[in-house]
Amino acid sequence: MAASRRFHFFDKCLITVSEPGRGSVGFEAVVDTAGDDDFLWVLESSGRLNALYRDVGAAYSEDSLRCISVKAFEFEAQRVFSCSEALAVVVLGKDEESDSMLKFNTYKVTPQFDLENRELLHFVQSVPVFSPSQGLVLDHVQAVAVSQCASLAAVATAGGSVYIYRNYVAPPVEGSPQEQRLRSYSVADVAGARHLGAIRALHVSPLSSGPFGLAVCCDNLIISLRLTSVPEVAYTQLIESSFEASCDLGGKGQFVVAKSGGMLDIYDIESGFVSAVKGSESCSSICAYKNYVATASLECRGGLEASYATTLVNVQSIIAGLDFVAHSQYIPVVFKFERALRSLYVFARSGTSSALILFELREKGIHDRLQILIRKRMFEWAMHIAALERRPIAECEELHKIHANWLYDKGHYDLAIEAYCRAGSAVEPAFVIGRFMPLRSRFYLYKYLLHLHRSGTASRIHTVVLMRALQSLFEDNSGGSCRWDTADSSTSPTSGGTSEPDGNGVDCQQLLSAFLSEFGDSHQDGIMDALSDCRSAGGSDFARVVALAQQDHDQYIDILVEDFHDYSSALDYLRTVNRQVACNAILRHGRRLVKHDPEAVLSLIRKIGESMPHSTGSVHDAFVPIFCMEDRFLAEMLGPDGPSTQLLIFSTRLHLMLDQFASRRRRRMADTADAAPAAPTAAQSTGDDPNVHPASALENGVGSIATAEAASAAYVDGESDVTGLENRMWKLLNGNTQLAEYQMIALILCLLYGYQRGANLMAIKMGYYHLPLVLAGMGNNEINSNKFDLLNHALSYGYNEPTLWIGTLSLLVGASNDTSEEIRGALRHIQTHRLLSFPGVLAILKKKRTLQFCHVKEYLRNEFRRIDELLHECIGDIAQDKIDCSQMNRDLQRLQHSYFVINNTNCSRCELCLEMPSLHFYCQHSFHTYCIGTDGVCPKCAPATQDGPGARPQKSSGHQDDFFKFLSGATDPFVYMAQQLERFAFAQS
């Protein structure tokens with residue numbers, strides 16, 4: 001037998017004993033010891049009984065005990081027994097030297113917490129061991145045993161007899177049988193055997209069947225008796241080698257026998273031999289403590305008489321499958337082990353002295369013991385001990401995690417994955433997935449994820465990763481040639497599979513069948529997400545197998561059409577499915593299928609229409625949007641009696657396209673809005689939870705990658721679908737709107753559905769150049785967000801049109817996005833061509849409060865330069881006017897003080913000869929009195945002097961005449977009105 005492993009689970013501590021009023025206490029001539037959870041009893045030959053206990057007060061110390069001594073017998077004491085269930089202690093001894101009668105003295109024990117108020121022991125009774133009145137013969141006592149309840153005692157004598165005492169040592173308690181019985185049995189007669197040898201030990205324990213059991217250990221035989229009214233032999237067990245020592249296992253109904261050669265046999269009083277444990281050497285003393293057995297060797301170093309004599313003490317594990325020595329050390333010669341005060345104590349004798357030394361073999365804490373086993377890589381033993389100690393589940397799972405990490409580092413992946421499965425919540429699934437993801441084989445990953453599903457802790461992302469692992473196994477198995485057999489889809493093979501390191505040794509079809517049969521319904525959403533992920537990663541073969549196994553008709557048809565382009569198989573499959581599935585498939589893939597086989601698609605549509613009830617409406621209404629670009633199908637669906645003209649087909653197509661475009665655009669915007677709050681960052685995830693478990697590295701690792709890929713693929717598909725539809729609409733509008741009625745219908749439909757790009761095109765074709773500005777102003781305040789360039793539009797269709805530039809500049813200024821470059825370009829054009837006045841431009845620009853100076857710096861600089869030039873010109877004109885005024889003043893002065901000769905003979909107006917009286921002006925014009933007006937001014941010079949205040953009413957009335965005259969003759973009255981309003985606004989400002 002291989003040598004046992006050795007650990008250091010116990011610490012040896014020297015214990016000091018003190019008694020109040022006496023100081024330190026030593027023990028001389030000790031004959032026996034006993035113990036329970038409260039006291040350690042030490043019996044001296046003089047009859048003194050010492051009770052050792054731990055002081056729970058301020059003077060408490062782990063290495064010291066308090067002592068109380070009581071005189072149990074006056075002359076001699078031999079044995080002491082602690083009956084913890086009865087709170088009693090039984091002492092065997094004599095009161096007088098001349099008295100050969102042994103007695104059982106029974107004492108009631110006061111609980112430790114009440115020792116300050118009461119005496120430790122209270123005498124109950126004293127009864128003789130061999131009572132002549134009962135017919136018992138005085139004999140030499142070989143062994144004595146007392147039950148924990150003190151209701152049964154057994155005494156073995158040198159003559160081979162066993163005396164049984166019922167309700168004799170202690171009075172019976174209420175509710176128990178009151179009969180007192182003393183009986184004597186010959187072991188040889190009861191067992192029917194001879195040559196048993198001397199009786200060495202007795203063990204008493206209640207049996208599960210009801211009565212007490214008694215095990216009698218002899219030199220060569222073990223006899224177990226059921227103590228019924230007539231004792232029955234339960235079993236007899238021959239001892240192969242000689243008996244050395246034995247002890248009870250503490251309330252389990254079992255005992256240990258140490259045999260010569262170092263073997264320890266464990267027996268059950270009722271059933272017999274249990275197991276055997278390899279000890280170290282021959283045994284002189286033995287004691288059981290928890291799951292250990294402490295033994296002291298017979299051989300002593302230096303001899304028993306030497307002062308330095310020592311014996312080897314071993315604490316051996318008796319746990320099945322855990323063969324190790326928990327403590328091994330040489331200490332002074334052992335007198336006896338005792339299990340007391342929830343620990344293991346050793347009474348040792350140093351050399352020839354009769355005084356005993358008390359040691360405590362103090363067991364290390366559970367965490368220290370587990371750490372020792374972990375350092376020795378004894379993980380299975382550590383987990384076994386943790387289970388025996390009933391440690392919390394979290395600690396046991398942590399041990400499994402440490403074991404799994406070690407197995408993984410050593411390359412034992414199959415054992416590691418099993419250990420990770422047992423680790424439970426101690427390990428994050430993301431950590432395990434991250435460790436096994438780089439491995440070539442995905443079988444280990446599959447086993448762990450399958451365990452998560454069976455334990456009910458799997459999320460949707462775990463289902464996706466599991467399906468990806470199955471996909472990898474599927475592709476590795478014969479190059480992906482494995483196909484799903486529909487005949488086997490209903491079977492449910494046993495799970496577990498093989499654990500080969502490569503995918504070729506795994507029946508992926510069996511694994512897939514087992515998983516889908518068990519979790520196909522409960523994790524359907526995760527499986528669907530996994531199919532989309534597999535398809536985006538190129539695993540269409542595997543996705544097709546899973547879709548067919550799941551009976552997911554829509555997904556299966558999508559794979560056939562989109563991934564394999566197998567339109568014939570798709571059409572054949574559509575003929576076998578129900579009407580709803582076929583209708584949905586044609587709505588999704590009708591355009592592709594019709595290019596492959598138009599007759600088959602039309603036949604399916606007719607079949608669906610015939611099977612539908614008439615109350616639900618025409619089935620053609622659902623398919624018209626799909627086949628709007630196919631003239632044949634559109635004519636078929638519009639009906640032979642309808643006015644299927646080109647204008648009707650055009651309007652129908654455009655109407656359907658616009659309707660689809662609007663609905664898809666709204667759906668895409670809704671999906672984008674829903675996805676924004678549903679994608680928290682990794683830091684937010686771990687902060688809220690931390691599965692989570694903390695934000696789980698799985699969501700930050702494998703899960704986030706899969707989710708990002710799926711979201712990106714969905715967005716790209718939606719974007720391309722909307723873009724393709726818009727391209728078809730643009731082609732339809734450009735190629736079929738040469739006539740005015742087509743343009744009008746297209747414009748109205750585009751305006752109804754809010755398709756600004758098409759409405760702008762039709763407005764430009766129809767000459768409504770201001771309409772795109774109106775639509776842009778009704779938008780989302782972001783200019784050029786919908787592919788409409790305001791600046792280019794104004795340059796192309798209103799180069800010298802002021803009203804168009806007023807609207808363009810107003811929209812650019814009022815936009816919420818950055819339009820600084822467009823504003824600079826518009827101002828540059830307006831300034832170059834003098835389209836708007838400077839005050840009018842300022843009135844528009846001041847509407848944008850966030851407008852920066854750098855955007856209008858060039859415009860303002862040029863305008864101020866022009867104003868400066870006009871100012872200088874005005875200053876020059878003023879100077880010239882001053883010179884002219886001075887000249888005029890001098891002329892007036894000259895006229896006032898001098899005369900001038902008027903030689904006019906004819907009237908300056910009618911050219912006739914002047915007659916008296918006549919009128920002469922300083923301007924040297926002469927007139928008849930009837931040739932001038934009532935105002936008395938010169939008719940010749942009057943037009944040059946009509947700029948005064950008196951001329952304004954006449955000029956205003958002339959302006960009104962001019963306004964109505966130009967309004968009636970204007971080509972575009974709206975444009976003329978806008979110009980006049982602009983001038984009026986600028987004049988007011």
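Looking at the range 894-921 only, could you name the residues that are under 25 Å from Asp935 (Cα atoms) and not in a loop (DSSP other than H, G, I, E, B)?
Residues satisfying the conditions are Leu895, Gln896, Asn906, Cys913, Ser918, Leu919, His920.
Scan the range 384-408 and report the pairs whose first residue is closer than 19 Å to Ile318 by Cα and whose second residue is surrounded by 18 or more Cβ atoms within 10 Å (Cβ to Cβ) and of a type in the set (D, E, K, R), with Cβ atoms within less than 7 Å and a gap of 6+ or a chain change.
Ile385/Arg369
Looking at this structure, is Asp597 over 24 Å from Leu516 (Cα atoms) and surrounded by fewer than 17 Cβ atoms within 10 Å (Cβ to Cβ)?
For Asp597, the condition - over 24 Å from Leu516 (Cα atoms) and surrounded by fewer than 17 Cβ atoms within 10 Å (Cβ to Cβ) - is met.
I want to confirm something. Restricting to the range 809-867 and keeping residues that are of a type in the set (Lys, Arg) and not in a helix (DSSP H, G or I), which single residue is surrounded by the fewest Cβ atoms within 10 Å (Cβ to Cβ)?
Residue satisfying both the conditions and the ranking: Arg849.
Here's a check for you: in the range 527-548, which residue that is surrounded by fewer than 21 Cβ atoms within 10 Å (Cβ to Cβ) and not charged (D, E, K, R) is farthest from Ala469 (Cα to Cα)?
Leu548
With the condition kept exactly as written, say whether any residue in the range 325-337 is assigned to a loop (DSSP other than H, G, I, E, B), surrounded by fewer than 18 Cβ atoms within 10 Å (Cβ to Cβ), of a type in the set (Ser, Thr, Tyr) and over 46 Å from the mean Cα position of the chain (by Cα).
no
I'd like to check something: does the range 779-790 contain any residue that is part of a helix (DSSP H, G or I) and at pLDDT 80 or above?
No - not one qualifying residue is present in the range 779-790.
Which condition breaks for Asp38 when tested against (1) in a loop (DSSP other than H, G, I, E, B); (2) on the phi < 0 side of the Ramachandran plot; (3) surrounded by fewer than 14 Cβ atoms within 10 Å (Cβ to Cβ)?
Of (1) in a loop (DSSP other than H, G, I, E, B); (2) on the phi < 0 side of the Ramachandran plot; (3) surrounded by fewer than 14 Cβ atoms within 10 Å (Cβ to Cβ), only one is false for Asp38: (3).
List the number of the failed condition for Ser522; all other conditions in (1) touching a Gly at 6+ places or on another chain (Cβ under 8 Å); (2) assigned to a loop (DSSP other than H, G, I, E, B) hold.
(1)
Only residues that are modelled with pLDDT of 85 or more and within 15 Å of Ala348 (Cβ to Cβ): list them for the range 292-304, please.
Those that are modelled with pLDDT of 85 or more and within 15 Å of Ala348 (Cβ to Cβ): Ala294, Thr295, Ala296, Ser297.
Condition (residue is among the aromatic types (Phe, Trp, Tyr), in a strand (DSSP E or B) and in contact with a Ser or Thr (Cβ under 7 Å, 6 or more places away or on another chain)) applied to the range 71-85: is it met by at least one residue?
The answer is no, given that none of the residues of the range 71-85 is among the aromatic types (Phe, Trp, Tyr), in a strand (DSSP E or B) and in contact with a Ser or Thr (Cβ under 7 Å, 6 or more places away or on another chain).
Could you please find all residues in the range 408-440 being more than 16 Å from Arg454 (Cβ to Cβ), within 23 Å of the chain's Cα centre (by Cα) and of a type in the set (Asp, Glu)?
Of everything in the range 408-440, just one residue is more than 16 Å from Arg454 (Cβ to Cβ), within 23 Å of the chain's Cα centre (by Cα) and of a type in the set (Asp, Glu), namely Glu428.
Can you tell me which residue is farthest from Lys71 (Cα to Cα) among those in the range 104-116 that are more than 60 Å from the chain's Cα centre (by Cα) and not hydrophobic (A, V, I, L, M, F, W, C)? Can you show your working first?
Restricting attention to the range 104-116, the residues satisfying the condition of being more than 60 Å from the chain's Cα centre (by Cα) are 104-108.
Still in the running and not hydrophobic (A, V, I, L, M, F, W, C): 105-108.
Working: Asn105: 11, Thr106: 13, Tyr107: 11, Lys108: 14 Å.
Within the range 104-116, the match that is farthest from Lys71 (Cα to Cα) is Lys108.
On the basis of being surrounded by fewer than 21 Cβ atoms within 10 Å (Cβ to Cβ) and at pLDDT 85 or above, does Asp572 make the cut?
It is true that Asp572 is surrounded by fewer than 21 Cβ atoms within 10 Å (Cβ to Cβ) and at pLDDT 85 or above.
What is the residue count in the range 737-769 for residues that are surrounded by 17 or more Cβ atoms within 10 Å (Cβ to Cβ) and either more than 56 Å from the chain's Cα centre (by Cα) or on the phi > 0 side of the Ramachandran plot (or both)?
5
List every residue pair whose Cβ atoms lie under 6 Å apart, where the two residues are 6 or more positions apart in sequence or sit on different chains, the first residue falls within the range 549-564 and is surrounded by fewer than 20 Cβ atoms within 10 Å (Cβ to Cβ), and the second residue, located anywhere, is hydroxyl-bearing (Ser, Thr, Tyr).
Asp563/Ser540
Every residue, every condition in (1) closer than 20 Å to Gly197 by Cβ; (2) at pLDDT 80 or above; (3) within 52 Å of the chain's Cα centre (by Cα), yes or no:
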residue: Glu244; (1), (2), (3): yes, yes, no
residue: Leu249; (1), (2), (3): no, yes, yes
residue: Leu264; (1), (2), (3): yes, yes, no
residue: Gly279; (1), (2), (3): no, yes, yes
residue: Ile286; (1), (2), (3): yes, yes, no
residue: Ala306; (1), (2), (3): no, no, no
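Mind listing whichever residues of the range 827-861 are within 12 Å of Leu809 (Cα to Cα) and not aliphatic (A, V, I, L, M)?
Within the range 827-861, Arg828, His829, Gly840, Lys846, Lys847, Lys848 meet the criteria.
The values are calculated or read from the model by the stated rules, or taken from the named source; none is laboratory data. This structure is a prediction, so every number in the text was calculated from the model and none was measured. FYI the Cβ positions are ideal-geometry reconstructions off the backbone, even for glycines, and counts take in every protein chain you see.
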